[in-house]
Each structure stands twice: as structure tokens, then as C-alpha cells.
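Right, one structure below, let's go through it.
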Amino acid sequence: MSQSIKFMLVLVLSLVFQGCQSMSTLRSSSADEIPESDLPVGFYSGKANQNILVDPYSQSVKTSGDPKKRVVVLNFWNASPVKLDFLGPFAADELRRGLAISQRVIFPTDAKTETTTEDYIQGDQVKVGQLVREGRRLGVAVIVIGRVSKIVFRQKGDDVGIFRKKEALAAVEVEYKVFDVQSGREILADSRFGEVVGTSLVVFEDSKIQDPTYRADLIKGALRESIARIIPDVLIAVDKLSWQGRIARVQSDKIFINAGKTTGIMPGDILLVQTQGDDIYDPQSGIYLGQAKGHSKGTLEVVDFLGTDGAIGKIHSGGNFKEGDLVQLY
């Protein structure tokens, strides 16, 4: 056999051997053997429920496109035996601050009220009808009320010695309720505990532990902790509500809406227009039951912004729109 033929045979065998190795490598790198954490999330990713088509865009659309709801938090009611006047306003301010930081709600600057949670409590009942009417007057979608129901203060430590280590514990329970103003429904009611521990090194007398200012600071710390546990629950409850706005003015073919850029309304959005439903009361007890749903009048298309948080719409379908009609995303 000539040298050239031998060379060709060696070359062919070498190529076949390399091809087999490549196929082996490819098979060993198949998706069956890649850790699940390395798989991309997609329509058929193993991270999703099996046999379910997963839309990778749906979650981002849901979380980024919702307009913000207007919220008011009434000063809390201090119903505990510890009569510190600052506790109710302090609790409400902490909740407002935490909700504002989330940037998922709006606190209207013109929503002023002199009422507090205590004004809407009668015995063990909330005067829902009056609360809802106040919310509508303020032009908000959600009202949050609450009360400081329990405060516990304890101390422990060494009783012997010149230098003694003392610990003071403050625990606070806060009850709260969240109301959907439009429907008149209570959408959340719960309570949360918060506690803090303060340590002090005292000489002979535990004067610091007994100091009213020191005790008040510990109680405020515990109250802050309880409010921090409330904030995520309130945001979840508010996020579940459908956004609603109102027609502020009708001027020829222009419809002015009380929500715009700050709220998160976008040009091109289609808004469904509805009449306000009637408030329903129990004929025997007079208890407020909620608001019946209004009827649909047509749709608007948002075409421009007005001021810091208003929008201008044009009629898309239907008609006979009036001031006070409700609007929501179609």
C-alpha cells in the first residue's frame, strides 16, 4: 500500500474518532444533566408548573403597569392604659412614612381631615358609613385606621451589687383595618406585635429605667417595630384593589380626569366610564352594607396630561359622561 493511501486512511480514522468524541461531549451536556438552577426561565422551563405554558412577560406587566391608589391614614387611637398623647399620631406617621417609601401609593396633599380613628369607633363597631363618606370627601381610594391596644413594660436584672445590669422590655400591640372607599368594604383587619429591649448599667439606683422619657423611647421603638410588620400587609391589600379615578370636568369633547402622570396613567390608556352606584343600607338596623355597582357608559382614551396629576381624555365609545363618573383601566 502506497504512502499516500496510508496517510488518507489515518486521516479518515482520526476524523471519525474526533466526531465520536464530540457527539459524546454533546450528549453529556444535554439539558437532562444541567442543574435546574442553570436552566433559563422560559415558556417550558422546569421551574414553572409542569404542563403549563408560562408567559415570561405577564409578571412584569402586572407589577409595572398598575396606577397608584390614593390613600389616607387616620391618626391611630391609643386605647391602652398608658396615656401618652403622642402614640396615636406617631403610629400613623410611621405607617405613612413606610407606605410612602414604597412609592406604590399616593398621599394627596389636599386630603386634610381633623378626624381620627376614635371618631369612627362606637363600642366594638366601626361606623363604616361615616368613614366611607369621609374617604369620598377626601377623594381617596383607601382609608386605614388603627388603635394601640396593648402596651407591656417589664424590667429585669441584678438586684445586688454597686454596678448592676438592668434590662427593660417594651412590647406594643397595634390593631388596624383597611377599607376600600369605593365599595365600602373592609379589605383587611389584623394586629401586629412589636418589642424592643433596652439595656442599662446603673449604679445603686435604677433611675434611668424608671425615667419616663426612657420608657417612652422604648415604647416608641416597640411601636415602630409593630408598624414595620403592618406595612407589607397593607401594600398587598391595596395592590389587590382595582384602580379607580373620576371625571373632574367635561368640556365639549375634552374629558378631564383626576389622575395623570403621578398616578401612573399613560397616554393611550383606555378607561372604562361608569356611573356611581347607590349606597345600600340595611332597612332594619341602618347599617351601611356597601355600594352597588354602577352601569357602564362607554370608554375614554387618554391623550394628554394636565398639571402634576391630571389627564385629558377623548371619547372612545359611548357618551353622556358627567362630572363624578368613575373611570378605571379597561
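The values are calculated or read from the model by the stated rules, or taken from the named source; none is laboratory data. Model, not experiment: these values are computed from the prediction. Glycine gets a Cβ as well: all are built from the backbone with ideal geometry, and neighbour counts include every protein chain shown.
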Given the conditions (1) modelled with pLDDT of 95 or more; (2) not in a helix (DSSP H, G or I), and given that Phe153 satisfies all but one, which numbered condition is not satisfied?
(1)
Which of the following residues is more than 23 Å from Lys220 (Cα to Cα) and surrounded by fewer than 17 Cβ atoms within 10 Å (Cβ to Cβ): Arg133, Arg70?
Arg133
Quick one: Ile255 ticks every box in (1) more than 16 Å from the chain's Cα centre (by Cα); (2) buried (at least 21 other Cβ atoms within 10 Å of the Cβ); (3) closer than 30 Å to Gln155 by Cβ except a single one, so which number is it?
(3)
Count, please, the residues in the range 274-291 that happen to be part of a strand (DSSP E or B) and β-branched (Val, Ile, Thr).
1
Which is surrounded by 18 or more Cβ atoms within 10 Å (Cβ to Cβ) and not in a loop (DSSP other than H, G, I, E, B), of Leu271, Leu241, Leu235?
Leu271
Scan Gly294, Gly298, Gly324 and give me the residue that is not in a loop (DSSP other than H, G, I, E, B) and not basic (Lys, Arg).
Gly298
Filter the range 277-321 for residues that are surrounded by 13 or more Cβ atoms within 10 Å (Cβ to Cβ) and of a type in the set (Lys, Arg); which is farthest from Val128 (Cα to Cα)?
Lys297
Within the range 237-287, residues farther than 17 Å from Val142 by Cβ and among the aromatic types (Phe, Trp, Tyr) come out as Phe256, Tyr281
Number of positions in the range 102-139 that are touching a residue at least 40 places away in the same chain (Cβ under 8 Å), in contact with a Gly (Cβ under 8 Å, 6 or more places away or on another chain), part of a loop (DSSP other than H, G, I, E, B) and not hydroxyl-bearing (Ser, Thr, Tyr)
1
